[in-house]
Amino acid sequence: MTNPSSSASGAVMIEARGVEKWYPNGFQALRGVDLTVRQGEVVVVMGPSGSGKSTFIRTFNALEDFQKGSIVVDGITLSNDVRNIDAVRREVGMVFQQFNLFPHLTVLENLTLAPVLVRKRPKAEVERQARQLLERVGIHEQADKYPGQLSGGQQQRVAIARSLSMEPRILLFDEPTSALDPEMVQEVLAVMQELAREGMTMVVVTHEVRFARQVAHRVVLMADGQVVEEAPPDQFFTNPQHERSKQFLSQIA
Amino acid sequence: MERSVTPAGWQRLRRELFASRTDGLITLVLLGALLALGGGFLRWALFQAEWAVVRVNSTLFAVGRYPLDQQWRLWLLTALLAAATGLTWGLLRGRSWPRNDQLATVLLAGLALAAPLFLQLSLAIQARWWGITALLLGLRWGAGRWGDRLPQGWRRWLPLQWPLLYLLGMVLISGGLGLMAVRPSDWGGLLLTLVQSSFAILLCFPLGVALALGRRSELPLLRWGSVLYIEFIRGAPLITLLFLGQNILGFVLPGGLAPDRVWRAAWVLTFFAAAYVAEAVRSGLAAVPRGQMEAARALGLPVPQALIHVVLPQALRVALPATVGQFITLLQDTTLLSLIGLLDLLGVARTVMANPAFLGKNAEVYLLLAVLFWCCCAALGLGSRALETRLNPNTLSAARA
């Protein structure tokens, strides 16, 4: 599969400039990070643990705050204004490492909760759409079960369907396969690949090299709260420019 | 079938109780001690105890000095409660009669037959008890048999009967809406105990949840206010707070605004229990992973909706056993009201025991009190266990499947 480079001309969906973040204990997690994501682009963020990659993508939907720099998501400037934050969260979906499904609700209720409460859409219509989404990720026959009765891979696919239920324009993935048993990784990656093929804008924090090579338009390597290298996957994996990138690739190979 | 079970049962008993010579000896000694104790108790209860003290004062224990000509209101309330219980019970169970339900039915029927006879009530009052029991069991049967014919909309609104019934009960007890007013100082016995504890239980729960959320809030003023309140209340014995409430509210609030002594005590109980409920709920909140809130927020839910629909349902399920434990403590703490001069169950008991006609009948009275409190607490405990099973998604889906 070749990486279409034409997407570089799409509209800018995420524009982060010089983002810096300190934790209350004084530790600086982000040291001036820049990133631009265009519509339909798939950007994979890699890096050693503690490099700030999760923290960075969590700033895009304001799950983490930052002290310096600016982030514009889909034309909305992130600030302390609560209305802005709620508006951004309606446009940005997120898939977590630990799935974070709501264990007290059925699979179907997990998908319908937010569209009914936040978008105020009629319940019957939302349920119909939710069943279609479940079919898309291949688990429609589990709709009335509780998350605890599903396997890890199934749970993560439900979580992807749940984030899609709000019809987001951008999807963030925070290590979506790291908590999965190895035999379940592929079923989740397949769903993500399908989403990318349909043109979803995605930012993915992951260690899955094969996924990055096949699906990503760009790979970003972060270390110590900074972007070290940013390149198309072919170039990044075969001919990394920076010492830090070579070191990281030799560790995960 | 039974023949094959009985020898196995015997063998198990033998294995567990008479495995060795020492085991057998211990079993025999303990069995002997138990028989001696139980026999002694039965001998006292059946032949030595004089239950006249309970018979003569049964109305006093039940409702205190509630005016005789107004007691029909309490009978009406009891009948309504029985009807609501039967209806809810029947709708929950449907046509099936599990073993527990059979047991409860036999117990209720037995109680309705035996208790009035034991208390030697007049036939008119006995007939009321029989009628109320028949109403409860009849509705249980009827609602179970034909409940599924009710329209779905009706069934959904039926739980609302309980809060409505509670408000109606308050009106029936205290008067108003055309009924003659009965002053709270005339309420007593089991009636006062139940009014006080149900009022405090119903109000301390939302208050406790609010305090627990306040303690975890990011707003410093809210957080420190909640911490201060919880730690102050938990640091003071209830009895001092009750005395404080009786005295200080009269000074703080001008003239007629201060609530009646009975209601002052009810509010103190409420505020006291709320601090403990808050700690139980806090432990429940701590058990909900942070990711739940994050996932809800990432889906665009505002904080209040995320709390109501995602975090609190999970937290309260974890906190339920501790919270109900707190409710049971609260019910028992109402006995302290007798120390500030209110005639709750213990207060009535003390006046009865002070009556020269019943001198030395303390054992009978205290046994009655213990049985009454045990019944109330057992009902709370059973209710909480039933709720726990219903709230657990795994047993729920098993029931649905």
Enumeration of residues in segment A:77-112 that are assigned to a loop (DSSP other than H, G, I, E, B), at the interface with chain B (Cβ under 9 Å from one of its Cβ atoms) and not hydrophobic (A, V, I, L, M, F, W, C): A:97, A:98, A:100, A:103, A:104, A:106
Conditions (1) under 22 Å from residue B:289 (Cβ atoms); (2) surrounded by 19 or more Cβ atoms within 10 Å (Cβ to Cβ); (3) free of Cβ contacts under 8 Å to residues at least 60 places away in the same chain; (4) within 13 Å of chain B (Cβ to nearest Cβ): number failed by residue A:115: (1)
Single unsatisfied condition, residue B:388 versus (1) within 14 Å of another protein chain (Cβ to nearest Cβ); (2) free of Cβ contacts under 8 Å to residues at least 60 places away in the same chain; (3) part of a helix (DSSP H, G or I): (2)
Residue among B:325, B:347, B:360 that alone is assigned by TED's automatic domain parsing to the domain that holds residue B:276, over 30 Å from residue B:291 (Cα atoms), surrounded by fewer than 19 Cβ atoms within 10 Å (Cβ to Cβ) and of a type outside the set (A, V, I, L, M): B:360
Qualifying residue in segment A:214-237 (condition: of a type outside the set (Gly, Ala, Ser), within 14 Å of chain B (Cβ to nearest Cβ) and out of contact with any Asp or Glu (no Cβ under 8 Å at 6 or more places or on another chain)): no
Subset tally (residues that are among the polar types (S, T, N, Q), outside any helix (DSSP H, G or I) and under 23 Å from residue A:245 (Cβ atoms)) for segment A:168-217: 3
Members of segment B:290-300 that are within 7 Å of chain A (Cβ to nearest Cβ) and not in a loop (DSSP other than H, G, I, E, B): B:291, B:292, B:294, B:295, B:297, B:298
Unmet requirement for residue B:287, which otherwise passes all of (1) in contact with a Lys or Arg (Cβ under 7 Å, 6 or more places away or on another chain); (2) within 14 Å of another protein chain (Cβ to nearest Cβ): (1)
Residue among B:230, B:248 that is β-branched (Val, Ile, Thr), modelled with pLDDT of 90 or more and farther than 30 Å from residue A:120 by Cα: B:230
Exclusive hit being within 20 Å of the chain's Cα centre (by Cα), farther than 30 Å from residue B:286 by Cβ and modelled with pLDDT under 85, set B:169, B:188, B:175: B:188
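Here's the yes/no breakdown for (1) over 30 Å from residue B:264 (Cβ atoms); (2) touching a residue at least 40 places away in the same chain (Cβ under 8 Å):
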{"site": "B:312", "(1), (2)": "yes, yes"}
{"site": "B:319", "(1), (2)": "no, no"}
{"site": "B:331", "(1), (2)": "no, yes"}
{"site": "B:336", "(1), (2)": "no, yes"}
{"site": "B:339", "(1), (2)": "no, yes"}
{"site": "B:346", "(1), (2)": "no, no"}
{"site": "B:354", "(1), (2)": "no, no"}
{"site": "B:360", "(1), (2)": "yes, no"}
Only one of B:303, B:268 that is more than 30 Å from residue B:236 (Cβ to Cβ), more than 9 Å from chain A (Cβ to nearest Cβ) and modelled with pLDDT under 95: B:303
Some residue of segment A:144-156 being touching a Gly at 6+ places or on another chain (Cβ under 8 Å) and facing chain B (nearest Cβ under 10 Å): no
Candidate set: segment B:10-55, residues that are surrounded by 14 or more Cβ atoms within 10 Å (Cβ to Cβ) and touching a residue at least 24 places away in the same chain (Cβ under 8 Å); chosen: the one nearest to the chain's Cα centre (by Cα): B:54
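The values are calculated or read from the model by the stated rules, or taken from the named source; none is laboratory data. Please read these numbers as outputs of a predicted model, since none were measured by experiment. Counting neighbours? That spans all protein chains shown, and the Cβs are built from the backbone with ideal geometry, glycine included.
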